[in-house]
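A.B. asks: Dropping a structure here in structure tokens format, bear with me for questions.
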Amino acid sequence: MIKNLLIGVFTITSVACAQAPADPTVYGNSITSEELKELLYTYASDEFEGRETGEPGQKKAVQYLKDQYVAMNVASAYGNDNYFQEIPFERQKLAEATLTINGKEATIYEDYIPPRNVTVDETITEIIYVGYGIDADNYSDYTNLDVKDKVVIIKSGEPQNEDGTYVTSGTKEKTQWTSGRRARRLKIDTAHKLGAKVVFIVDDLGHNYYSKAYMKIDPETYEGRISEFSEEGAPYYFMTNTEFAKTIVPDITTNHTPKTVTTNISYSIKKDIELLSSENVVAYIEGSEKPDELIIISAHLDHLGIENGEVANGADDDGSGTVAMLEIAEAFQQAIKDGYPPKRSILFLHLTGEEKGLLGSKYYADKDPIFPLENTVANLNIDMIGRVDKYHKDDRNYVYVIGADMLSSELYQINEKANKTYTNINLDYKYNNETDPNRYYYRSDHYNFAKHNIPVAFYFNGTHEDYHKVTDTPDKIQYDLLEKRTRLVFYTAWELVNRAQRIVVDKAK
Ligand SMILES: [Zn+2]
């Protein structure tokens, strides 16, 4: 009797093993324009108040997403009923500040822009001038320089050879150190990483831009800027211009050699912040064969809130990516019901604070990756896939793909093949360039994964006349396109989770 029973069990098992391979189109076809439309008309409705980070509208949005996953029977990434990755933010208003150098009081916003993330009272008698503040493989201003716990001042620009080429690159093309916001940020971060506690960064263009902007702000009505929560003792910086920097380092324009300068600088800063809480939504499907390896599908859940009494609905930005994710999750869930679970795991990561500076993805990738980054195979990020930009008025059947080949040739090929096999969209690689002036590779959440050498593909329709306006409404979405583009992401994800080998990162940076 027992023997027979066992035989019976084995027979059933072998039938299951011989199951026909899944046909992904069955599940891809479950992603429909009708369902996307229904979801988006809710998600981008006035009820969600523009989903501003930390505000009631955002809380409604995250609750809505959680309810959708619960209804689909998709688990939380935490394995319990908590679908929210809590993230502390702060809303920074204007700080009160005074700065005196060698007995002379500086004028706020005209001479300098103070940090807003500290309350501090300090007098220093020594500042280290680190020249250009560059720390590259073949050139460093920090050689034999100990800046630990020191105050440093950094000039703008990058040294050039006599033939006009830049020292760090040997070419005449601008490098990451040369100028602009990115160079400024890199120099500040480098100094902080090497232990400097305070940075005076000299950047004439940046200073000019921000001082004008700050002088226009009315402190009475200013709501403040949302940013990452800064812990006590976090490093900070002042921004200034060359003119003012001369009061500290008189020969700053002609002398690039680092040196210690004796001075008398005192400053007093009083931050004015309000703590906010916000959350990423984290839903999860565990892989059946390689559960430790996972791909992340992401879209940002937030938008701009209410502007002058009007709700910024953010239907395309990024309601479109959000509802695409829900449909993709549902398609995978349908496959599971039919006995085809994904071999690798999938994290559905709805990100907060994208509009405030990619804060939710930064928090996940830099502070609290729920799953180890080294096991994260790829990130497919969707930000605006429901509209058509001005370059494609006559060719609606397109989507921009950015980043797919930057770290992994295989990811690029897989996406191309999924498209050729199933969706036939014109994949436009116009913005797929790290030096493209629009810098889209850096401008949505995928970048926070790419910088950790996790291959990313970013799906995007480009900007349009309603971009970041209250007129980005669900009636303007082209749902047939949204359906097609969502299916492409699904088929690419399908291959990534089900293929035998994990994709190779052959172009790690
Ligand atoms: Zn967006």
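The values are calculated or read from the model by the stated rules, or taken from the named source; none is laboratory data. Please read all numbers here as calculations on a predicted model, not as lab measurements. Virtual Cβ from ideal backbone geometry, glycine too; neighbours counted across all protein chains shown. Each accessible area value is taken on the protein alone, full model and side chains, heavy atoms only, with ligands, DNA and RNA left out. Shrake-Rupley method; radii C 1.70, N 1.55, O 1.52, S 1.80 Å.
A.B. asks: Have a look at I134, I188, I124 and point out the one that is under 18 Å from T247 (Cβ atoms) and not assigned by TED's automatic domain parsing to the domain that holds Y440. Walk me through it before giving the result.
C.D. replies: On the way: I134 fails: under 18 Å from T247 (Cβ atoms); I188 fails: under 18 Å from T247 (Cβ atoms).
Going through I134, I188, I124 in turn, the sole match is I124.
A.B. asks: Consider V70 against the criteria (1) modelled with pLDDT of 95 or more; (2) open to solvent by 60 Å² or more (accessible area, probe 1.4 Å); (3) under 24 Å from E220 (Cβ atoms): it satisfies all of them except one. Which criterion is unmet?
C.D. replies: Just one mismatch for V70, condition (3).
A.B. asks: While we're looking at this one, here's another question. Residues that are under 27 Å from the mean Cα position of the chain (by Cα): find the helices (runs of 4 or more DSSP H) completely inside the stretch 12-110 holding 2 or more of those.
C.D. replies: Numbers: elements: 24-28, 33-43, 56-72.
Where helices (runs of 4 or more DSSP H) fall fully within the stretch 12-110 and carry at least 2 residues being under 27 Å from the mean Cα position of the chain (by Cα), they are 33-43, 56-72.
A.B. asks: Report, by residue number, each residue of the stretch 349-363 that is at pLDDT below 95 and either away from the ligand (no atom under 14 Å from the Cβ) or not in a loop (DSSP other than H, G, I, E, B) (or both). Full working, then the answer.
C.D. replies: First, the residues of the stretch 349-363 that are at pLDDT below 95: 353-359.
Correct list: L359 only.
A.B. asks: In the set D405, D389, D368, which member is in the same structural domain as I297 (by TED's automatic domain parsing) and closer than 27 Å to I477 by Cβ? Before the answer, list the steps.
C.D. replies: Numbers: D405 fails: closer than 27 Å to I477 by Cβ; D368 fails: closer than 27 Å to I477 by Cβ.
Unique residue meeting the criteria: D389.
A.B. asks: Considering only the stretch 22-39, how many residues are basic (K, R) and either open to solvent by less than 30 Å² (accessible area, probe 1.4 Å) or touching a Ser or Thr at 6+ places or on another chain (Cβ under 6 Å) (or both)?
C.D. replies: 0
A.B. asks: So which strands (runs of 3 or more DSSP E) stay within the stretch 376-469 end to end and still have 1 or more residues that are within 14 Å of the ligand (Cβ to nearest atom) and open to solvent by less than 30 Å² (accessible area, probe 1.4 Å)?
C.D. replies: Values: elements: 376-382, 398-402, 426-428, 456-460.
Qualifying strands (runs of 3 or more DSSP E): 376-382, 398-402, 456-460.
A.B. asks: Same structure again: Check the stretch 329-348 and report whether any residue there is within 16 Å of the ligand (Cβ to nearest atom) and farther than 19 Å from N432 by Cα. Steps first, answer last, please.
C.D. replies: Let us first name the residues in the stretch 329-348 that are within 16 Å of the ligand (Cβ to nearest atom), namely none.
Within the stretch 329-348, none of the residues are within 16 Å of the ligand (Cβ to nearest atom) and farther than 19 Å from N432 by Cα.
A.B. asks: Would you check if I297 is part of a strand (DSSP E or B) and under 30 Å from T486 (Cα atoms)?
C.D. replies: Working: part of a strand (DSSP E or B): yes; under 30 Å from T486 (Cα atoms): yes.
When the stated conditions are applied, I297 passes them.
A.B. asks: Could you tell me which numbered condition R502 fails, if it satisfies all but one of (1) part of a helix (DSSP H, G or I); (2) farther than 19 Å from Y364 by Cβ?
C.D. replies: (1)
A.B. asks: Taking the stretch 287-312 only, how many residues are more than 13 Å from the ligand (Cβ to nearest atom), crowded, with 24+ Cβ neighbours inside 10 Å and under 24 Å from K60 (Cα atoms)?
C.D. replies: Qualifying residue count, the stretch 287-312: 2.
A.B. asks: Just checking, does the stretch 321-328 include any residue being part of a loop (DSSP other than H, G, I, E, B) and either in the same structural domain as H452 (by TED's automatic domain parsing) or surrounded by 21 or more Cβ atoms within 10 Å (Cβ to Cβ) (or both)? Walk me through it before giving the result.
C.D. replies: As a first pass, look at the stretch 321-328 and keep what is part of a loop (DSSP other than H, G, I, E, B): none.
For the stretch 321-328, residues part of a loop (DSSP other than H, G, I, E, B) and either in the same structural domain as H452 (by TED's automatic domain parsing) or surrounded by 21 or more Cβ atoms within 10 Å (Cβ to Cβ) (or both): absent.
A.B. asks: Turning to a different aspect of this structure: In the list F229, F244, which residue meets the criterion of being aromatic (F, W, Y) and either more than 30 Å from S320 (Cα to Cα) or modelled with pLDDT of 95 or more (or both)?
C.D. replies: Selected residue: F244, the only one of F229, F244 that is aromatic (F, W, Y) and either more than 30 Å from S320 (Cα to Cα) or modelled with pLDDT of 95 or more (or both).
A.B. asks: Tell me yes or no: at least one residue of the stretch 386-400 is of a type outside the set (F, W, Y) and under 24 Å from A77 (Cβ atoms). First the steps, then the outcome.
C.D. replies: Of the stretch 386-400, the ones of a type outside the set (F, W, Y) are 386-390, 392-397, 399.
Among the residues that remain, those that are also under 24 Å from A77 (Cβ atoms) are: none.
Within the stretch 386-400, none of the residues are of a type outside the set (F, W, Y) and under 24 Å from A77 (Cβ atoms).
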